1. Go through the stretch 71-120 and count every residue that is modelled with pLDDT of 95 or more, part of a loop (DSSP other than H, G, I, E, B) and surrounded by 15 or more Cβ atoms within 10 Å (Cβ to Cβ).
2. Suppose the filter is assigned to a helix (DSSP H, G or I), modelled with pLDDT of 60 or more and open to solvent by 80 Å² or more (accessible area, probe 1.4 Å); does Leu34 pass it?
3. Output the number of the condition that Lys144 fails; it satisfies all remaining conditions of (1) buried (at least 16 other Cβ atoms within 10 Å of the Cβ); (2) at pLDDT below 95; (3) not β-branched (Val, Ile, Thr).
4. For the condition touching a residue at least 12 places away in the same chain (Cβ under 8 Å), open to solvent by 50 Å² or more (accessible area, probe 1.4 Å), in a helix (DSSP H, G or I) and of a type outside the set (A, V, I, L, M, F, W, C), what is the one hit in Lys68, Lys123?
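The values are calculated or read from the model by the stated rules, or taken from the named source; none is laboratory data. Values in this document were obtained by computation on a predicted structure and should not be read as measured data. Positions of Cβ are backbone-derived with ideal geometry, glycine not excepted, and every protein chain shown enters the neighbour counts. SASA here: full protein model, heavy atoms, side chains in, ligands and nucleic acids out. Shrake-Rupley method; radii C 1.70, N 1.55, O 1.52, S 1.80 Å.
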Amino acid sequence: MVLPKIYTIMHHSKHSSATKISEQIDNSDPNFQLQVQRLYQLTVYSRWLFVGLLWASVGTWSLWGLRKEIALWLQHFTWVAVYYGLSYNPLSTLGLSLCIAMTLSILIWQSRNILFGISPSEKKRLEMQVMRIRQQGKSHPLWKWVNDAKTD
């Protein structure tokens, strides 16, 4: 029964390092809250960049694969034509579904954050990540995005 002991040790070591970092979080520091906000904005921008690249690559390929069906739909639109067009082009349908699903998921995520605010668990995750970025210093890839020259 060595595995549970190893898992317990690994679990406690991760928990203890997370506890150490969370103990160092100072919510009263205005620079810290500004850095958390910048990290959140970076997360939003990176998600939308990913969706844009997804539409530019997979979405374009999927629409190109459906070009004959789309021409037919423009001439004589029926839902049956859409059904058969999508069912006989499964890869294009899958790619288009992926693009639409990712776009909708990010829209819902961002709308929820705008309407109800960032959830406490997500805020805690962002704060922990900012603390890790601060601990690593300028060698962290996100250092220049989170820290502005005014806050150094």
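1. 1
2. no
3. Checking Lys144 against (1) buried (at least 16 other Cβ atoms within 10 Å of the Cβ); (2) at pLDDT below 95; (3) not β-branched (Val, Ile, Thr), the one that fails is (1).
4. Values: Lys68 fails: touching a residue at least 12 places away in the same chain (Cβ under 8 Å).
Testing whether each residue is touching a residue at least 12 places away in the same chain (Cβ under 8 Å), open to solvent by 50 Å² or more (accessible area, probe 1.4 Å), in a helix (DSSP H, G or I) and of a type outside the set (A, V, I, L, M, F, W, C) leaves just Lys123.
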